[in-house]
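I have placed the structure first, in the form of structure tokens, so that the comments after it can refer back to it.
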């Protein structure tokens, strides 16, 4: 909605042409023309789409993994647990997901 409002202000208040607006915003002239001709925009901001955050199988075990990683950070490098060891630990706790989810999570921290 912000971009559509900005385009409408530039067109109506600042009296800029569609071509000038397209150059200023980086949108195509066809998009600018379409948005100016619409009565009400269908989507709040058509340029960006957001996915709803879903709970994954791993989300219940994230706190356990972060605690294990914090504890391992204080240990010498050769004594730290591997991704397979962390996976086996949460698998014993009831985790039903895959190994790659665990390794992806550990790499993001």
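Annotations
- Screening region 75-100 for residues that are surrounded by 15 or more Cβ atoms within 10 Å (Cβ to Cβ) and touching a residue at least 24 places away in the same chain (Cβ under 8 Å) and picking the one that is nearest to residue 56 (Cα to Cα) gives 97.
The rows are residues; the columns are (1) touching a strand residue (DSSP E or B) at 6+ places or on another chain (Cβ under 7 Å); (2) in the same structural domain as residue 103 (by TED's automatic domain parsing); (3) at pLDDT 95 or above; (4) within 30 Å of residue 103 (Cα to Cα).
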| site | (1), (2), (3), (4) |
| --- | --- |
| 6 | no, no, no, no |
| 14 | no, no, no, no |
| 17 | no, no, no, no |
| 31 | no, no, no, no |
| 73 | no, yes, no, yes |
| 78 | no, yes, no, yes |
| 87 | no, yes, yes, yes |
| 93 | no, yes, no, yes |
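The values are calculated or read from the model by the stated rules, or taken from the named source; none is laboratory data. Because the structure is predicted, anything quoted here is derived from the model rather than measured. Positions of Cβ are generated from backbone atoms using ideal geometry, with glycine treated the same way; all protein chains shown enter the neighbour counts.
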